[in-house]
Number of protein chains: 2
Amino acid sequence: MKFIAEIDVMPHKELLDPQGKTVLNNLDHLDLSGVTDVRIGRHVTMILDAASEDAARSTVETACQKLLANPIVEMYHYTLVQQ
Amino acid sequence: MKFIAEIDVMPHKELLDPQGKTVLNNLDHLDLSGVTDVRIGRHVTMILDAASEDAARSTVETACQKLLANPIVEMYHYTLVQQ
């Protein structure tokens with residue numbers, strides 16, 4: 001079975017996010033008012049074959065914990081959809 | 001009204017994605033089989049105040065087109081939810 005995982009890896013809420021802060025400041029130059037917060041992380045689209053949804057979820061979890069996210073400064077969440 | 005926009009900025013499908021390719025290759029070292037493709041982009045969470053959903057959507061569109069995404073090599077899509 002083929003699955004698509006859409007994974008977001010974001011900086012922890014407690015941490016400063018200098019990249020997001022820079023974007024927030026620069027929105028003023030575009031005359032865009034009303035934006036109160038911007039946070040920037042990574043988005044990962046992963047396509048995988050697995051025998052079951054549980055197997056696919058296990059693969060995605062391991063990839064997130066060991067390769068995609070740094071748990072000290074980042075959190076991740078994902079959706080998994082069978083194609 | 002307060003809105004939250006969840007924006008994904010991804011490399012165009014036609015383009016090579018060296019960062020995704022590197023992750024794909026390294027998944028082998030974690031004994032994770034079955035992953036056939038990985039593409040990596042940015043995820044942006046934007047919190048904004050706007051008078052209406054249309055106004056909020058206009059702000060997010062402008063921010064994406066002028067600041068967050070490079071239309072030559074990237075595409076974007078987003079969801080907008082009123083809080």
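The values are calculated or read from the model by the stated rules, or taken from the named source; none is laboratory data. All of these numbers come straight from a predicted model, not from anything done at the bench. So basically every Cβ, Gly included, is an ideal-geometry build from the backbone, and we count neighbours across all protein chains shown. Side chains are part of the model used for accessible areas, which takes the heavy atoms of the whole protein and leaves out ligands, DNA and RNA. Shrake-Rupley method; radii C 1.70, N 1.55, O 1.52, S 1.80 Å.
With unit charges on the beta carbon (Lys/Arg positive, Asp/Glu negative), name the residue among B:38, B:77, B:64 whose Cα is farthest towards the positive pole of the charge dipole of chain B.
In chain B, that residue is B:64.
Note down the nm distance, to one decimal, between modelled labels 7 Å out along Cα→Cβ at residue B:4 and at residue A:12.
Those two pseudo-labels are separated by 1.9 nm.
Please identify the GluC sites (Glu not before Pro) of chain B that satisfy two criteria: DSSP loop assignment and at most 12 other Cβ atoms within 10 Å. Which are they?
Answer by residue number: B:14.
Inter-copy label distances at residue B:37, 7 Å along the Cα→beta-carbon direction, one decimal in nm, shortest first?
Result for residue B:37, in nm, nearest copy first: 3.4.
Tell me what chain A gives for mean residue ellipticity at 222 nm when only DSSP H runs of n ≥ 4 count, each as -39,500 (n - 2.57), the sum divided by the residue total, rounded to 500 deg cm²/dmol.
-7500 deg cm²/dmol
Which distance in nm do the two modelled labels at residue B:72 and residue A:62 give, with both placed 7 Å along the Cα-to-Cβ direction?
Taking the simple label geometry, residue B:72 and residue A:62 are separated by 4.1 nm.
Using a 1.4 Å probe and ignoring any ligands, DNA or RNA, find the accessible area of residue A:4 and quote it in Å² to the nearest 10.
40 Å²
Using only alpha-carbon positions, what ratio does the radius of gyration of the protein assembly as shown give when scaled by 2.2 N^0.38 Å?
1.10
Using a 1.4 Å probe over the heavy atoms of the protein chains, calculate the carbon and sulfur portion of the accessible area of chain B as a whole percent.
53 percent
Compare A:48, A:24, A:32 in a GNM of chain A, Cα atoms joined below 10 Å, and give the one with the largest fluctuation.
Evaluated over chain A, the most mobile residue of the options is A:32.
Summing Lys, Arg as +1 and Asp, Glu as -1, what charge do residues with Cβ under 15 Å from the Cβ of residue B:1 carry, residue B:1 excluded?
-1
At residue B:18, label 7 Å along Cα→Cβ: distances to the other copies, nm, ascending?
Reported distances to equivalent positions: 2.3 nm.
Give me a comma-separated list of calculated 3J(HN,Hα) values for region A:39-44, in order, Karplus coefficients 6.51, -1.76, 1.60 applied at θ = phi - 60°, integers in Hz, x for any Gly or Pro.
Karplus-based 3J(HN,Hα) across region A:39-44 equals 10, 10, x, 10, 10, 10 Hz.
Starting from a label point 7 Å past Cα on the Cβ side, list the distances from residue B:53 to the same position in the other copies, nm, shortest first.
2.8
Explain nothing, just the number: dipole magnitude of the protein assembly as shown about its Cα centre with +1 on each Lys and Arg Cβ and -1 on each Asp and Glu Cβ, in debye rounded to the nearest 20.
Roughly 200 debye, rounded to the nearest 20.
Not counting ligands, DNA or RNA, and with a 1.4 Å probe, what is residue B:33's accessible surface area in Å² rounded to the nearest 10?
Here the residue's solvent-accessible area equals roughly 90 Å².
Where the only charges are on Cβ atoms (+1 Lys, Arg; -1 Asp, Glu), what is the dipole of region B:2-82 about its Cα centre, to the nearest 20 debye?
Dipole size: approximately 160 debye.
Taking the alpha-carbon centroid of each part, what is the distance from region A:1-28 to region B:10-76 in angstrom?
Taking the Cα centre of region B:10-76 as reference, the centre of region A:1-28 is 10 Å away.
Dimensions of region A:2-82 along principal axes (Cα, Å, largest first)?
Principal extents (largest minus smallest coordinate, Cα): 50, 26, 14 Å.
I'd like the FRET efficiency for residue A:51 and residue A:21, computed as 1/(1 + (r/R0)^6) with the beta carbon distance as r and R0 of 45 Å, rounded to 0.05.
The computed FRET efficiency comes out at 0.55.
What's the minimum Cβ distance from chain A to the axis relating it to B, in whole Å, and which residue gives it?
A:43, 2
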